[in-house]
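Q: Encoded as structure tokens, here's the structure I'll be asking about.
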Amino acid sequence: MYRENLKGAGFWKSPRKAITLLGMSGSGKTTLASRLPRQTWFHYSGDYRIGTRYLDEPILDNVKREAMQMPFLAELLRSDSIYLCHNITIHNLKPIASFLGMIGNPELGGLSVEEFKRRQGLHREAEVKAMLDVRDFIAKAHDTYGYPHFINDAGGSLCELDEPGVIEQLAEDTLILYLKPSDAMLNQTIERSLLEPKPMYYQNQFLDQVLPQYLAEQGLSTPEEIVPDDYFRWMFPRLVEHRLPRYQEIADRYGVVLDAERIDDIHGETEFLELICDALG
């Protein structure tokens with residue numbers, strides 16, 4: 001395992017460093033990765049890989065279905081007069097979110113439970129593949145592009161995969177660094193998410209547990225009566241509670257923990273490495 005072969009000084013002196021950032025969306029993973037020198041650190045975004053490699057076709061098919069509802073666009077698409085493409089970047093992942101969607105009233109843009117689970121399943125398969133790709137990209141970053149160091153900006157749902165071999169392979173190839181939020185930061189993250197609900201991946205088991213609770217509490221008969229954003233606001237704090245021990249378990253077994261609020265102290269590589277060496281002891 002990568003961690004077991006390291007102490008603080010050894011990591012500092014290592015000519016090739018590889019790190020996986022673990023934590024909730026909003027914990028600062030992408031911000032941290034962007035503060036490292038681009039000349040020496042290869043930034044691998046799991047979400048970008050998912051959207052551009054493994055969900056590219058389903059995302060575009062979803063957009064095309066919507067466009068075909070408009071006669072003007074439908075005719076142009078049928079005659080191959082126009083084509084559609086997404087513009088996914090590390091900082092713009094909205095096409096992935098729009099594909100995942102949320103459960104609820106179809107008149108409000110909601111999906112049926114069956115369709116929601118289908119899309120969630122596609123995302124899970126894509127995320128598993130994207131994380132298994134890390135090993136090849138570490139080699140490619142060094143051998144093809146000449147980067148000595150590698151950082152894997154993993155999605156917040158990494159802890160949800162429960163796929164044998166994924167975390168183990170990441171732990172063999174990278175130092176897993178859990179960006180652990182304080183209570184205050186956690187509350188801020190939840191508040192931001194409640195103001196701007198957005199689709200995300202989570203396990204079917206979790207959905208099957210919380211959805212009946214929501215329907216009962218709200219006095220609803222079927223998921224088709226759900227207002228999607230209202231359900232998200234009720235569900236998200238429970239999802240956070242579900243994920244936190246999973247992050248901690250991964251860190252305890254395979255990685256190290258860094259207080260997410262310390263990211264504000266990191267303005268470059270030196271501060272970053274110092275904090276990691278402290279965490280490694």
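Q: Residues to consider are A18, A9; find the one that is under 30 Å from D259 (Cα atoms), touching a residue at least 12 places away in the same chain (Cβ under 8 Å), among the aliphatic types (A, V, I, L, M) and in contact with a helix residue (DSSP H, G or I) (Cβ under 6 Å, 6 or more places away or on another chain).
A: Values: A9 fails: in contact with a helix residue (DSSP H, G or I) (Cβ under 6 Å, 6 or more places away or on another chain).
Every option except A18 fails the conditions.
Q: Only helices (runs of 4 or more DSSP H) wholly contained in the range 1-85 count here; list those with 3 or more residues that are of a type in the set (S, T, Y).
A: 29-34
Q: Restricting to the range 130-144, and then to whatever is loosely packed, with under 15 Cβ neighbours inside 10 Å and not small (G, A, S), can you tell me which residue is nearest to the chain's Cα centre (by Cα)? Reasoning before the result, please.
A: From the range 130-144, those loosely packed, with under 15 Cβ neighbours inside 10 Å are 132, 136, 139, 143-144; that's our starting set.
Cutting the leftovers down to not small (G, A, S) gives us 132, 136, 143-144.
Working: L132: 14, D136: 19, D143: 27, T144: 26 Å.
Of everything passing the filter in the range 130-144, L132 is nearest to the chain's Cα centre (by Cα).
Q: Take the range 183-208 and flag every residue that is of a type outside the set (D, E, K, R) and either within 17 Å of S27 (Cβ to Cβ) or over 22 Å from the mean Cα position of the chain (by Cα) (or both). Reasoning before the result, please.
A: Step one: of the range 183-208, the residues of a type outside the set (D, E, K, R) are 184-190, 193-195, 197, 199-207.
The answer is A184, M185, L186, N187, Q188, T189, I190, S193, L194, M200, Y201, Y202.
Q: For the range 232-281, name all the residues that are among the acidic types (D, E) and assigned to a helix (DSSP H, G or I).
A: First, pick out the residues of the range 232-281 that are among the acidic types (D, E): 241, 249, 252, 259, 261, 264-265, 269, 271, 274, 278.
Those that are among the acidic types (D, E) and assigned to a helix (DSSP H, G or I): E241, E249, D252, E261, D264, D265, E269, E271, E274, D278.
Q: Scan the range 67-83 residue by residue and report those that are loosely packed, with under 13 Cβ neighbours inside 10 Å and at pLDDT 90 or above.
A: Residues satisfying the conditions are Q69, M70, P71, F72, E75, R78, S79, D80, S81, I82.
Q: For the range 147-178, give me each residue that is under 11 Å from the mean Cα position of the chain (by Cα) and assigned to a helix (DSSP H, G or I).
A: Hits for the range 147-178 are G156, S157, L158, C159, E160.
The values are calculated or read from the model by the stated rules, or taken from the named source; none is laboratory data. Since we're looking at a predicted model, the values are computed, not measured. Cβ atoms come from the backbone with ideal geometry, glycine included; neighbour counts cover every protein chain shown.
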